[in-house]
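The values are calculated or read from the model by the stated rules, or taken from the named source; none is laboratory data. Bear in mind the structure is a predicted one, so any value in this text is a computation, not a measurement. Virtual Cβ from ideal backbone geometry, glycine too; neighbours counted across all protein chains shown.
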Amino acid sequence: MSGSIERIHALVMRHVWIWRSSVMRLVDSIYWPAVQMVMWGFLTQYLLPQATFIAQAAGVLLSGLLLWEVVVRGNLSLSIAFLEEMWSRNLGHLFVSPIRSWEMAAGIIIAALLRTLMGMIPVSLMAWAFFGYSIYDLGLPLVAFFAILQMFSWSIGLAMSGMIMRVGQSAESFAWAAVFILMPVSGVYYPVSVLPQWLQTIAWALPTAYVFEGMRAIMTDKIVHWDLLGIAFGLSAVYLVVGFQIFQWFFRASRRAGTLLGQGE
Amino acid sequence: MPDSPSISVRHLRKVYGEIVAVDDLTFTVPRGAVLGLLGGNGAGKTTTIAMLLGLLEPTAGQIEVLGVDMLKRRYAALPRMNFSSPYVDLPQRLTVRQNLVFYGRLYGVRKLQARVEEIAERMQIAGFLDRPSGKLSAGQKTRVAIAKALINRPEVLLLDEPTASLDPDTADWMRSYLKEYQRETGATILLASHNMGEVERLCDDVILLQAGRVFERGSPRELIERFGREDMEEVFLDMARGRGRGLDALKKGEMTS
């Protein structure tokens, strides 16, 4: 076990060293969420006197945005952590070293988590500074929301990383965009009940819907639905296992096809 | 099992669709030997090395390294192996030191800082340990790649074109070092190269590969003698162009293939 910890630590430190040598690599983690936050912040201010729902829960749009960014940034951060190895044509060295697939997944997950926090914490503080809105007012459930959304985003990131490993970097743009297909059915800015019935079925199969419904319940009714959060946590855990299995499946397919040796830009 | 071979390959085969990259390859490498894999482009050298390392899954056959079945338990052998290849780079944005520390940790090297200093001294890369790997010349990168390949003092070292981008002086020095390392540690080295001088100097034994099959095997001296040539370069050209005494003998079935 100590060997596994040493290898995971090595992989995390490899990313920390890269961030330290190139701060620009972290800028996009803050830049896009910050731009979105400013836009939704002004929209909230504009709607505040006109919409009853917004007036009742002034931060509902900004909360939706910030929590959705946790999904987007989690997925991107994990994909980038994996792509770093492909961009540097380093996969061959990694896969013939004693590091196992699960250790590699754990290492890039931790690196992705750090990167997401480095992006989202400053943006959440900016929301407080510019618009007087603090997402931390959600209290303890925020920790649960964050954990559920991160796990779900890692599952997508692992599956996408596996696909890029097998197909090559031509699949990169799909990896960036994949998560957005889930946005309309996640109920980020509106309740799931507005969706057609068949889309609601899909929505309730995703942990994101429970999180955003839970967020609105706290902000409008001051109720925490821990039971629904429990379901969401369970779903995220299942998706994470499935995501890792997809990554493993693509890894085995890459070993058969011989695409691990020469991948790179 | 000190007398068992370091590497044992039996009936190894790799097929991509209709292309047979490696076909029924069988060989062993005794402990402490240096085996050269020779062949033209597409002969199956890199494919064979990739299968030995577990980077590529064979279509059929068995591979054992250090007594470990590489198709079932490769993680038991990988900490005792290492490799270098021009097809794989080290992270360009990390410094040379960071790369060596990173891989040292992955391989569980003890007293890592001291090992990094030692290998840097031996590989003559101490002067640029703190420079980003991407800023090095091709020759410097090759020396760093070999340093990474030696960081865990491997018992089995697989080298694909280890001196390809080195100037003649540095390449000569590198060959001397690899020979010295092999003598000091008793490591087994499998070397794929297009440099025939390198093969003559380093290898105890050579496998000539053609179209994924063993064309001929022997020590450099035996092969030169058998083909009636002056050096390995001429032997290689005979094989590549399908001519000469060696090939005539092969056609008559006097050689093993």
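Values for this structure:
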{"quantity": "Helices (runs of 4 or more DSSP H) (entirely within the range A:167-265) containing at least 2 residues that are in contact (Cβ under 8 Å) with a residue 24 or more places away in the chain", "calculated": "A:172-177, A:207-216, A:226-257"}
{"quantity": "Tally, over the range B:216-236, of residues that are surrounded by fewer than 19 Cβ atoms within 10 Å (Cβ to Cβ) and not basic (Lys, Arg)", "calculated": "9"}
{"quantity": "Matching residues in the range A:1-27 - criterion: being hydrophobic (A, V, I, L, M, F, W, C), at the interface with another protein chain (Cβ under 7 Å from one of its Cβ atoms) and in contact (Cβ under 8 Å) with a residue 12 or more places away in the chain", "calculated": "A:Ala10, A:Ile18"}
{"quantity": "Subset of the range A:88-101 [in a helix (DSSP H, G or I), touching a helix residue (DSSP H, G or I) at 6+ places or on another chain (Cβ under 7 Å) and touching a residue at least 40 places away in the same chain (Cβ under 8 Å)]", "calculated": "A:Leu91, A:Ser101"}
{"quantity": "Residue in the range A:58-76 that is at pLDDT below 90, away from chain B (no Cβ under 14 Å) and not in a helix (DSSP H, G or I) present", "calculated": "yes"}
{"quantity": "In the range B:42-101, the residues that are among the small types (Gly, Ala, Ser), more than 8 Å from chain A (Cβ to nearest Cβ), within 20 Å of A:Phe251 (Cα to Cα) and surrounded by 20 or more Cβ atoms within 10 Å (Cβ to Cβ)", "calculated": "B:Ala77"}
{"quantity": "Residue selected from the range B:145-167 under the condition of a type in the set (S, T, N, Q) and either within 12 Å of B:Val116 (Cα to Cα) or surrounded by fewer than 24 Cβ atoms within 10 Å (Cβ to Cβ) (or both), by the criterion farthest from the other protein chains (Cβ to nearest Cβ)", "calculated": "B:Ser165"}
{"quantity": "Selection within the range B:62-79 - at negative phi, under 19 Å from the mean Cα position of the chain (by Cα) and of a type in the set (A, V, I, L, M, F, W, C)", "calculated": "B:Ile63, B:Val65, B:Val68, B:Met70, B:Ala77, B:Leu78"}
{"quantity": "Failed criterion for B:Leu190 (all others in (1) farther than 26 Å from B:Thr26 by Cα; (2) within 14 Å of chain A (Cβ to nearest Cβ); (3) crowded, with 17+ Cβ neighbours inside 10 Å hold)", "calculated": "(1)"}
{"quantity": "Which listed residue, of A:Trp102, A:Trp128, is within 22 Å of A:Val241 (Cα to Cα) and among the aromatic types (Phe, Trp, Tyr)", "calculated": "A:Trp102"}
{"quantity": "In the range A:79-111, the residues that are more than 9 Å from chain B (Cβ to nearest Cβ) and of a type in the set (Gly, Ala, Ser)", "calculated": "A:Ser79, A:Ala81, A:Ser101, A:Ala105, A:Ala106, A:Gly107, A:Ala111"}
